[in-house]
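What follows draws every value from the coordinates through simple rules; no lab data is involved. What you are looking at is a predicted structure, and each value in this text was computed from that prediction instead of being measured. Here the Cβ positions follow ideal geometry from the backbone for every residue, glycine too, while neighbour counts run over all protein chains shown.
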Amino acid sequence: MSHPNPSATPAATRPRTEQDPRASRHNETAARHAVADVPRARPDQTVAEVLDALLAQPSECIDLVCVLDAGDHLVGVVPLAALLALPRDTRVGQVANLHFPKVHDETDQERVASLALHHELSAIPVTDAQGRLVGVVPAPALLHILRREHVEDIHRFAGITRETLHAREAIEEPPLRRLRHRLPWLLLGLVGSVLATFIVVRFERALSVNPAIAFFVPGLVYLADAIGTQTEAVAVRGLSLSHARLSTLIGGELRTGVLIGLVLGGLTLPAVWLAFGDWSLAFAVSGALVAAGGIATTIGLALPWLLGRLGSDPAYGSGPLATIVQDLLSLLTYFLIVSAVVL
């Protein structure tokens with residue numbers, strides 16, 4: 001198997017659709033990355049016959065031997081390594097893996113790569129709606145997909161609306177183009193900042209009575225962001241692989257967030273009391289940390305899930321959007337607790 005160029009899918013193993021725009025389907029489907037020039041065999045052929053055919057006519061991707069019926073429907077797969085270890089008079093139909101993982105031609109490329117990783121495969125077959133073999137997504141294409149998705153997610157975590165395959169392009173493109181890619185989520189952040197200002201103004205009386213209340217706002221907001229970012233990093237890709245119920249996942253994250261808040265709050269409580277000599281303020285700050293932990297983990301999981309259900313990439317639920325929601329809810333919760341406990 002050839003070694004891929006780190007920056008792109010090699011031309012020799014690049015799918016036909018990527019080389020010929022006229023053959024292009026949807027840009028991010030399995031069909032785009034599949035190569036049709038792969039070893040094929042009939043169930044009644046022997047291992048010797050298949051190997052002789054491979055030597056006579058090399059294929060682009062030789063990781064898998066696809067076993068097809070008379071109608072070219074995929075009935076099983078024999079990895080080349082397994083084929084080489086078999087007696088030469090064995091019929092491939094007897095040893096083909098009938099349950100080998102496969103994808104449809106319209107399957108999203110990210111799902112293709114995730115499935116290959118989950119089953120530790122170097123290549124994965126692609127079929128059409130009728131089960132006929134379209135081709136095989138080879139290892140270089142899988143690496144290409146993973147790199148593309150990784151770069152795309154990094155950009156979306158940062159709130160940049162257009163992913164760029166080449167990092168150099170992202171840093172060297174004209175300033176106005178960079179502005180267009182980065183500004184949309186930041187405008188949403190500006191709206192959130194205005195709302196945060198209104199929240200603070202709403203509790204102006206509490207701040208005038210005890211100015212020390214304001215001292216803990218930056219720390220509370222930072223910790224909520226940090227907790228939420230950890231959850232988002234796990235949720236954005238974990239949601240596409242997990243088979244657990246959403247209620248179970250959210251319940252687990254909520255409990256985790258509360259436990260994190262309890263630890264942070266427990267450490268903060270004596271420090272605030274020693275610094276300000278005010279038990280009510282110390283309890284308010286600690287309680288707000290517990291609440292912020294639960295809020296941040298819940299939002300960090302629920303928001304990517306919701307966006308995924310709406311047809312958007314879950315990665316859009318991280319970064320600036322989640323930060324705005326977490327900040328506003330944490331700030332509001334803090335002032336409500338302070339108003340109830342301190343005043």
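Which of the peptides 29-41, 50-62 is most tightly packed, and how do the rest follow, judged by the mean count of other Cβ atoms within 10 Å per residue? Can you show the working numbers first?
Working: 29-41: 22.4, 50-62: 14.9.
Sorting 29-41, 50-62 by mean packing, highest first, produces 29-41, 50-62.
Using 1/(1 + (r/R0)^6) with R0 = 25 angstrom and r between the beta carbons of Arg42 and Ala81, what's the FRET efficiency to the nearest 0.05?
Plugging the Cβ-Cβ distance into 1/(1 + (r/R0)^6) gives 0.75.
May I ask you to order 229-235, 102-108, 201-207, 292-298 by the average number of other C-beta atoms within 10 Å around their residues, highest value first? Walk me through the intermediate numbers first.
Working: 229-235: 20.4, 102-108: 17.6, 201-207: 13.1, 292-298: 26.1.
Ranking the peptides 229-235, 102-108, 201-207, 292-298 by packing returns 292-298, 229-235, 102-108, 201-207.
Listing Trp279, Trp185 from the residue with the fewest other Cβ atoms within 10 Å to the one with the most, what is the order?
The order, fewest Cβ neighbours first, is Trp279, Trp185.
At 37 °C and a viscosity of 0.692 mPa s, what translational diffusion coefficient does Stokes-Einstein give for segment 16-137, taking Rh as the Kirkwood radius over Cα pairs? Give it in µm²/s as a whole number. The partial results should precede the final answer.
Details: Rh = 14.6 Å.
Result for D is 224 µm²/s.
So what is log10(I(q)/I(0)) for segment 185-341 at q = 0.08 1/Å, when the Debye sum runs over its Cα atoms only?
-0.24
Which FRET efficiency, nearest 0.05, do Phe276 and Thr248 yield, Cβ-Cβ r, R0 30 Å?
Efficiency for this residue pair is about 0.15.
If I take R0 = 45 Å and measure r between the Cβ atoms of Leu54 and Leu195 in this structure, what FRET efficiency does the formula 1/(1 + (r/R0)^6) give, to the nearest 0.05? Let's see the in-between values first.
Values: r = 65 Å, r/R0 = 1.44.
Plugging the Cβ-Cβ distance into 1/(1 + (r/R0)^6) gives 0.10.
Hey, got the dipole for segment 16-137? About the Cα centre, +1 on K and R Cβ, -1 on D and E Cβ, debye to the nearest 20?
So the dipole magnitude of segment 16-137 works out to roughly 120 debye.
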